[in-house]
Each structure stands twice: as structure tokens, then as C-alpha cells.
Amino acid sequence: MDYLFNYTAFYQMAAQLGLNLATLEEKNKLLSSLSGGEKLKLQLSKLTGQEADLLLLDEPSSDLDIDSQVVLKKFIQESNKTIIFISHDEAIFEDTATAILHLELLKHRQLPRASYFQGKYLDYLKQRQSTYTKQLQEAKNDYRLKKKRDAKIHRIHQAAQYNVRHTHDSTLGRLAAKKMKTVLSLEKRYQKEDSNRVDFPENMDNIALFFNDISTLDKNKRILSWKKHQLPTGQKINLDIFGQDKLVITGKNGIGKTRLIKQIYHDLNQNQQLSIGYMPQDYDSFFSKEISTLEFLDDVANENTARTILACLQFTRKEMEHSALNLSGGQKAKLFLAHTVLSKNQVIILDEPTRHLSPTSQPLIRELFLNYPGCIISVSHDQHFIQTVARKHYRLTENSLDSN
């Protein structure tokens, strides 16, 4: 269907998102040269110029800096169009969603379940927790009653079986056989009843990982000191990092945050006295074509431990044994989390650690890193992660690294 493109709306949204159109209009400028955030801003600007009644957005905030996230939320809130979006961003759900469709895989990720809720995201979480608690209590009650009933029927079965074997009187023998038949009939009936009992609910949000045995650095130990250090992106910055710092770096898209923490990782890694863990934004660059999920953990855990950890993180046997490259973004993120925890590093460098993890599991991820006793250096646009984990907040600009 033909439509007229609204260039006025396009340029207004581009300006609100901070998209540099002059740069985009450079001769021979390729879309592939744009950062992820710049590409997304361009797509959102284009959408506003289209006369569509329905907008479908796939992870619209995933590569946006914090300022652009504010604009995106305002756009969704004020739009008179129907908008359906997929996201892992808790904040965008909380601030914009009016209905929730939650898709899950249960029973070792074999059974799909869809939950629909008309209302706010936080209200959905309350209902979800209430339903989980109720089902858990019902399952416990059913299990207790079943255990008591099974013990009773076992005693009756043994008594009936004894009477059948040891009764020689024909009349008593017939009565014993009849009693045994009744017991077997009861057992069969109970088996049918058991198939309708309330199952223990699965906690798909559980991230069963905990840091332990970390050789923590002294909180006053300076592990990095840069004075007017020039970055590949041109900024000259001053930065001191200490042994138990929890620092987060933010900044506009394309400003050089990933390059910055790669430089930090490179410099810290020169110190043989430090153990450094690194969780990148681009997981695939750390996987060879041949390496399986289990093999990726070879250097930090034996096979039994690795299988146990991965099973707790909802990996199937097939996912454990096949190429790590074939995992979903969320499973790759969990695999790196497992490697990071099992490595027992003194310093962890994280590039957007929560971006591929489900919104309902992210509170557990924040708690995991909040309780980590070592040093965390992270790039993140996740406002909940920043508010919970960060003790120091730096903003990278075109000219400097500023403390917020």
C-alpha cells in the first residue's frame, strides 16, 4: 500500500534522539558503519514518518543510551498508534506497557506457556508472584497428603499380601483375596488422582549462581591509574580504579564506551598479579565454531560441575553438547555469567551484562553482582543495574570522562 512519508516527523524525531543527520548524509556513508544505537535511532525516526496504525518494535531500547531511552519512552507513551514491542528492558515495561504477554518454556524448556495480563508490568509481577506462592503451597499440601496416604496404603497392601500368602482357610482366603483386589483398585485410583495433582511450580527466573572463594583485593589498592590518557576515540581522560570499586560507565551511542573498557581490560591484563574476567557485548567473538557449551567451561570447572551449573540455568542436554554459537542471546549471556562466577576473578569487566537476560531474572543478576566482593567495571544503559550495583558512575563524552 502506498503512503506519503512525513519528513517533518522524521526530522523532529531524529533531532529528539540526537541523531546526527549531517553525518548520515556524508557521501558513501554506509549503514554498516553506524553503531547499534545509531541504527536504532534511524529506524525509530523512519517509523515516525510512516503513516502506519500499528508499530512492531523488536528490542527498541537495547542499544539506546539513557537520554535516548527517555525519548523512546515518551514516544511510546504519547503515541496514538497501537504499539507491540519485544524487550528485555524492565524500565520500558514499567513506564510504557499497558498489557503484558509473557512467553516461557517449562519442563526443561520443552513445554511452552503464554501468560497474558491486562495492566501494568509491576502489577503483573505481583500477580505472578502471588500465583507462584499459591501453587507452591498447594503442591506442598498435596505432597504431604500424598505421602501420608501412600504410607497408609503401603501398610494395608503389605497386610493384605501377607494374609493372601499365609491364609489356608478357603473362606478366609477368599476374603483376603477380595481385600487384596480392593487395595489394588485403590492404588490404581490413586495413580489417576496423582496425575491431576498440583505440580511444584517451576521458577524459570532462578539464576542459581553465587560468588565464593574470591581472593578479594584491598579496597585501597589502586589497580589502574590514568593521567591524561588518550583513548583510540580521541578523549584524554583521568581515571583511578581501586580493588573493590563498583563503577559503571555510560555515554551516548558511538562515543567509545566499549573501546574504553577493552583498553581497561588490556591494561589490567598486563598485571600478572590480577585475575581478570571479561563479559563482552559480542559473545560470538569468544566462541570458535567447534567449541561446545560444556567445552567453554573446561578451564573453570570439571564436566560434572559444569553440567550441574548449566542444568540449574535451564540448559538442555542438547544445548550443553552442541556448539555455543547456536545458543540464543539469553543462553550465551548465562553461559558467560557461569564462566565469570566459576573463574573466581578479583576483577570483572562487563559490557552491557543484562541486555539479553529476561526482565524477570534481572533482579537476581543485580543481586549477584551487588554481593560480589571484588572490583566491577561495567558499561551499561540499564538504569536498574546502575542504581543497584554502581558505587561510582562515569559518563564518557566527546572530550572527557566525567564523574556523575
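Values in this text are rule-based calculations from the coordinates and carry no lab data. Bear in mind that the values here come from a model prediction, so they are computed numbers and not experimental data. No Cβ is skipped: glycine too gets one built from the backbone with ideal geometry, and neighbour counts run over all protein chains shown.
In this simple spin-label model, placing a label point 7 Å from the Cα along the Cα-to-Cβ direction at both residue 203 and residue 12 gives a separation of 4.8 nm.
Report the one residue of 97, 279, 131 whose Cα lies farthest in the direction of the positive end of the charge dipole of the chain (charges on C-beta: Lys and Arg +1, Asp and Glu -1; origin at the Cα centre). Working it through, the farthest residue towards the positive pole turns out to be 131.
Close amide H pairs (under 5 Å, H built 1.01 Å from N) link residue 376 with 245, 246, 247, 348, residues at least 5 positions away or on another chain. Computed over the stretch 44-187, relative contact order equals 14 percent, with contacts defined as Cα pairs under 8 Å that lie 6+ residues apart.
For the peptides 145-157, 380-392, the ranking by packing is 380-392, 145-157, with the highest mean count of neighbouring Cβ atoms within 10 Å listed first. Between the stretch 95-138 and the stretch 360-376, what's the alpha-carbon centroid distance in Å? Spelled out, the Cα-based centre of one part sits 23 Å from the other. Net length available on complete extension from residue 123 to residue 229 is 33.4 nm, with 0.36 nm assigned per residue and the Cα-Cα distance removed. Each label point was placed 7 Å from the Cα along the Cα-to-Cβ direction; for residue 316 and residue 137 their separation is 3.5 nm.
Protection proxy ranking, highest mean first, for peptides 289-295, 257-263, 334-340: 334-340, 257-263, 289-295, where packing is the per-residue count of other beta-carbon atoms within 10 Å, averaged. Counted over all Cα-Cα pairs of the stretch 342-404, pairs farther apart than 17 Å make up 42 percent. Extending 7 Å from the Cα toward the beta-carbon at both residue 165 and residue 298 defines two label points whose distance is 5.4 nm.
Over the chain, dividing the summed -39,500 (n - 2.57) contributions of all DSSP H runs of at least 4 residues by the number of residues returns a 222 nm mean residue ellipticity of -14000 deg cm²/dmol. Calculated FRET efficiency, residue 218 to residue 326, Cβ-Cβ distance, R0 = 45 Å: about 0.60 to the nearest 0.05. Here's how it looks for residue 85: its modeled amide H is under 5 Å from those of 57, which are all 5 or more places away or on a different chain.
Of the peptides 217-227, 7-17, the order by per-residue mean of other Cβ atoms within 10 Å, starting with the highest, comes out as 7-17, 217-227. Note on residue 182/residue 399: beta-carbon distance plugged into 1/(1 + (r/R0)^6) with R0 of 60 Å gives a FRET efficiency of 0.10. Note on 123, 205, 245: ascending count of other Cβ atoms within 10 Å places them as 123, 205, 245, the fewest first. Computed from point charges on the beta carbon alone (+1 for Lys and Arg, -1 for Asp and Glu), the dipole magnitude for the chain about its Cα centre is near 2200 Debye. Treating the chain as a set of equal point scatterers at the Cα positions, no solvent, please give the Debye-formula log₁₀ I(q)/I(0) at q = 0.09 Å⁻¹. Treating every Cα as an identical point scatterer, log10 I(q)/I(0) equals -0.70. Across the stretch 293-362, Cα pairs under 8 Å and at least six residues apart give a relative contact order of 35 percent.
The slack in the chain from residue 113 to residue 94, taken as 0.36 nm per residue of separation less the alpha-carbon distance, amounts to 4.6 nm. Among the listed pairs 73/334; 228/334; 246/332; 107/289, give every one whose C-alpha distance is greater than 32 Å. Exceeds cut-off: 228/334. With contacts taken as Cα pairs under 8 Å and at least 6 residues apart, the chain reaches a relative contact order of 17 percent.
Seen through its C-alpha gyration tensor, with square-root eigenvalues sorted a ≥ b ≥ c, the stretch 279-370 comes out rounded because a/c lies under 1.5.
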